[in-house]
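Heads up, the thing below is written out as structure tokens.
Values quoted throughout were computed directly from the atomic coordinates according to the rules given, and no laboratory measurement underlies them. None of the values given here were measured: they were computed from a predicted structure. Positions of Cβ are generated from backbone atoms using ideal geometry, with glycine treated the same way; all protein chains shown enter the neighbour counts.
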Amino acid sequence: MNGENTFQKNYEALISRELLAAWVEGFKENFRLIGPAGGKGEAEFREVFSFNEINLDYQSTMLPPGKTFLLKPVEEILSFNITPGGPVAEEPPLPDRKRILFGVHACDTHAILYLDKVFLGVFPDPFYRARRENTFIFSLNCKTVSGLCFCHLVGTGPFLKAQSGYDVLLTDMGSEFLVELKSVRAKKIFSLEGRPPEGRDLEKKKELELELLKNFRKDFKADGLREVFLSRPDHPVLKETAEGRCLSCGNCVMVCPTCFCHDIYDEAGVSLARIKRMRRWDACQDYFFAKVHGGNFREERQARLRQFVFHKLDYEGQFGVKGTVGCGRCIRWCPTGIDLTEIAKEMMK
Amino acid sequence: MKNPYVPFKAVIRGIGQEAGDVKTFLLEPESGFPPGAPGQFNMVGYPGVGEAPVSLSRVPMEDSDLFEHTIRAVGRVTDFLSTFREGDEIFLRGPFGRGWPLNEVKGKHLVLVSGGLGLAPIRPVVQIADKLKARRITLLHGARDPGSVIFKTEFRHWRKKGIDVELTVDEPGKGWRYHTGIVTEIIRRLKIAPAEAVAFICGPEIMMRFAANELFLKDVPGSSVYVSPERRMRCGMGLCGHCQHGVWFVCKDGPVFSYRELRGYPDALF
């Protein structure tokens, strides 16, 4: 019986893969659907037009979903029309397209919560805020662990424990998916039909997580780094790694889901009738990043590498959480295989 | 929601030539531009060249909304601004940041130490000196040579206000009547009761470090010594990340910090 009068709204349900597909397909009418697609090699987050394109078993992506779709790599934040009376500022319209960011892993969900702290703080950024408000986050608990993952050491995974800041949580339970509606807006908008989870289902979810936790290979002590970092900022491992291996290419920063730094610069059209003020992801690994007239505060490569390592593993006083979510992307995409967890381990010795 | 990147316009109402490459622009902002406090800064610029952080060298007072920026032409934005004339419009956002802790000065001996252009953000403190109720105010200013001393014509007026002004230059040249040498040497000779002193220091980072150290030798605590470090800034709002120093965003948590807050982080001389 599922008539109008007996309809009962569930906030948690176990549904088959087919039903999940149908459920998600149903959102396409009102939402642009973005999810992990492609499976050969690395999946990537992009717009998908059918649920079949989504790779629910993906391990990681090069570009993180949150940063890529909430803080675009390049965007116009303002423009000026050059008139005879002088430049006149014109605000670009705020993004208003409703979107679903589907299949965001626990680490990447935490990264979005981190970006929220940056861009929705004392000075909220209107573009980030508009995208964030129009984007529903469907998180997905991990099924596999890579050799570079260390979310288990920094409290961000592999199963998502945060209770707010995202909309839906999915767990692949084998034959079924556990779907949990997490946000007030999700509970209001989405209806869920399926078998409500019982004690044994939640037991199974716990077992899946415990099983997953056995597969992590990274280990370092994330606590206690503070004293070591500040007392030994010139530790030889930093110098050796910087001078021997670091190329200052900035890959680590670009693929980092919490790296929020960006440059702001003006772009003039050929006609000079219009100036666009742009922002673009920037990297503290770049030589000019901290340069001012008369000095460069991180002129040495070692200083720039240290800034990345310390900002990710320490400096919790900045936003109350660590800068890393343990996704391992900076290790995976470093052309010379620099591993911040190895640096931390060496410094803790 | 208002786009915080939209700048205000301000008309240049006067230009003072301070030293060879340093000019002071007297600015009248369009209505709605919030008044700044001593130690705060604006992102100053022009469409097409971008923006640069510049501290206020005069703050708006009851009798006037006008304020000043003292700018040395040293980069793309400041080079461009140095070509501007009276009546021209510039664009700015702000005021940003945490200024000097003026409420800690009451009844204290306020020691102002500046080097070179670092006098610019100190000047608004002198401007409102009467309101601070400090027991005593000492200003120690150092410059490279007599020709590069900014606000030259104002020291006499400041002395009349009861402020002890001590000037020093590295290279004195002919006719220089004041001190020669670095500003730390004057601090060394200064009589200070450490528990009653509050210091505001602004200048090159190396100078701020040595000036602060000199005060520490006189037992002034790190929590009473304030500095205003310079960092690259693009937004002024703690978003672009360029000015990060340890856990701090110099733009929104500073630019004025107590020495104690800054100490211990790498990539600085503090």
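Angle, helix B:205-217 long axis vs. longest principal axis of chain B, Cα atoms, 0 to 90°, nearest 10?
30
Given the C-alpha atoms of the range B:33-161, compute the convex hull and give its volume per residue in Å³. If you can, show how the numbers build up before the last one.
Working: hull volume 16.0 nm³, N = 129.
Normalising the Cα hull of the range B:33-161 by residue number yields 124 Å³.
Dipole size in debye (nearest 20) for the range A:168-313 around its Cα centre, Lys and Arg Cβ +1, Asp and Glu Cβ -1?
On the way: 28 positive and 23 negative charges, 82 e Å.
For the range A:168-313, the charge dipole is close to 400 debye.
Kindly give the semi-axes, whole Å and largest first, of the ellipsoid equivalent to the range A:12-213, taking each as the square root of 5 times a Cα gyration tensor eigenvalue. Before the final figure, lay out the partial values.
Numbers: eigenvalues 228, 69, 52 Å².
So the equivalent ellipsoid measures 34, 19, 16 Å along its semi-axes.
Find the percent of Cα-Cα distances in chain B that exceed 33 Å, and round it to a whole number.
Numbers: 6389 of 36315 pairs.
In whole percent, the long-distance tail amounts to 18.
Let me know the charge dipole size of the protein assembly as shown about its Cα centre in debye, to the nearest 20, where only the beta-carbon of Lys, Arg (+1) and Asp, Glu (-1) is charged.
Values: 86 positive and 78 negative charges, 257 e Å.
With only Lys, Arg, Asp and Glu charged at Cβ, the dipole is about 1240 debye.
So, with +1 on the Cβ of K and R and -1 on the Cβ of D and E, and no other charges, what is the size of the charge dipole of chain A about its Cα centre, to the nearest 20 debye? Don't skip to the end; give the middle numbers.
On the way: 50 positive and 48 negative charges, 77 e Å.
That gives a dipole near 380 debye.
Given N residues in the range B:86-161, what is Rg(Cα) / (2.2 N^0.38 Å)?
On the way: Rg = 14.5 Å, N = 76, 2.2 N^0.38 = 11.4 Å.
Scaled against compact globular proteins, the figure is 1.27.
Is the shape of chain A rounded, prolate or oblate, going by the alpha carbon gyration tensor and its root eigenvalues a ≥ b ≥ c, with a/c under 1.5 for rounded and a/b larger than b/c for prolate?
On the way: a/c = 2.29, a/b = 1.24, b/c = 1.86.
Oblate shape, in that a/c is at least 1.5 and b/c is the bigger or equal ratio.
Please list, ordered by chain and number, the residues whose modelled amide H lies under 5 Å from the amide H of A:His105; skip anything fewer than 5 residues away on the same chain.
Here the answer is A:Leu140, since their amide H atoms fall under 5 Å of that of A:His105.
Could you sort A:318-324, A:91-97 so that the peptide with the highest average Cβ count within 10 Å comes first and the rest follow in order?
Values: A:318-324: 19.3, A:91-97: 12.6.
Ranked from most to least packed, the peptides come out as A:318-324, A:91-97.
From the residues B:Ala197, B:Gly181, B:Pro34, which one has its Cα farthest along the dipole of chain B in the positive direction, the dipole being from +1 and -1 charges on Cβ of Lys/Arg and Asp/Glu about the Cα centre?
Going by the Cα projections, it comes out as B:Ala197.
Would you mind getting the Kirkwood hydrodynamic radius of the protein assembly as shown from its Cα pairs, rounded to one decimal in Å? Walk me through the numbers on the way to the answer.
Values: mean 1/r = 0.0369 Å⁻¹.
Its Kirkwood hydrodynamic radius stands at 27.1 Å.
Sort A:226-232, B:37-43 by packing, meaning the average of other beta carbons within 10 Å per residue, with the highest value first. Can you show the working numbers first?
On the way: A:226-232: 14.4, B:37-43: 24.3.
Result, highest mean first: B:37-43, A:226-232.
What is the mean number of Cβ atoms from other protein chains located within 10 Å of the Cβ atom of each residue in peptide A:76-87, rounded to a whole number? List each step's numbers first, then the result.
Values: counts 0, 5, 6, 1, 6, 1, 2, 0, 0, 1, 6, 7.
That average works out to 3.
For B:Ala19, which sequence-distant residues (separation of 5 or more, or a different chain) have an amide H within less than 5 Å of its own amide H, given hydrogens modelled in the peptide plane?
When sequence neighbours closer than 5 places are left aside, there are no close amide H contacts.
Stick to the Cα atoms of the range B:197-270, pair each with every other, and give me the Kirkwood hydrodynamic radius in Å at one decimal. The partial results should precede the final answer.
Values: mean 1/r = 0.0801 Å⁻¹.
12.5 Å is the Kirkwood radius here.
If you look at just the Cα atoms of the range B:102-262, how large are its Rg and its Dmax in Å?
Rg and Dmax of the range B:102-262, Cα atoms, are 15.7, 49 Å.
For chain A, list the DSSP H helices whose alpha carbon atoms reach 15 Å or more along the long axis and whose average Kyte-Doolittle value is 0.0 or above?
Working: long enough: A:106-119 (20 Å, 0.65); A:199-213 (21 Å, -1.01); A:301-313 (18 Å, -0.65).
Taking the DSSP H segments of chain A (at least 15 Å long, mean hydropathy at least 0.0), we get A:106-119.
Pop a pseudo-label 7 angstrom from the Cα along the beta-carbon direction at both A:Val270 and B:Arg13 and give the gap in nm to one decimal.
The answer from the label model is 4.4 nm.
So what is log10(I(q)/I(0)) for the range B:77-129 at q = 0.21 1/Å, when the Debye sum runs over its Cα atoms only?
-0.99
Would you mind telling me which residue in A:Val270, A:Val154, A:Val168 has the biggest mean-square fluctuation in a Gaussian network model of chain A, where springs connect alpha carbons within a distance under 10 angstrom?
A:Val270
With n ≥ 4 as the cut-off for DSSP H runs, can you work out [θ] at 222 nm for the protein assembly as shown, using -39500 (n - 2.57) per run divided by the number of residues, rounded to the nearest 500? Write out the running numbers ahead of the final one.
Working: 21 runs with 163 residues, N = 619.
Value at 222 nm, helices only: -7000 deg cm²/dmol.
When all C-alpha to C-alpha distances in the range A:229-345 are sorted into bins of 5 Å, what percent of pairs does each bin hold, rounded to whole numbers?
2, 11, 19, 21, 19, 11, 7, 4, 3, 2, 1, 0
Under 5 Å between amide hydrogens, which residues at least 5 positions from B:Val165 or on another chain qualify, with H placed 1.01 Å from N in the peptide plane?
Placed amide hydrogens put B:Leu139 under 5 Å from B:Val165.
What ³J(HN,Hα) values, in whole Hz, does the Karplus curve 6.51 cos²θ - 1.76 cosθ + 1.60 give for the range A:85-101 when θ = phi - 60°, with x put for Gly and Pro?
Along the range A:85-101, the couplings run x, x, x, 10, 6, 9, 8, x, x, 7, x, 10, 6, 6, 9, 10, 9 Hz.
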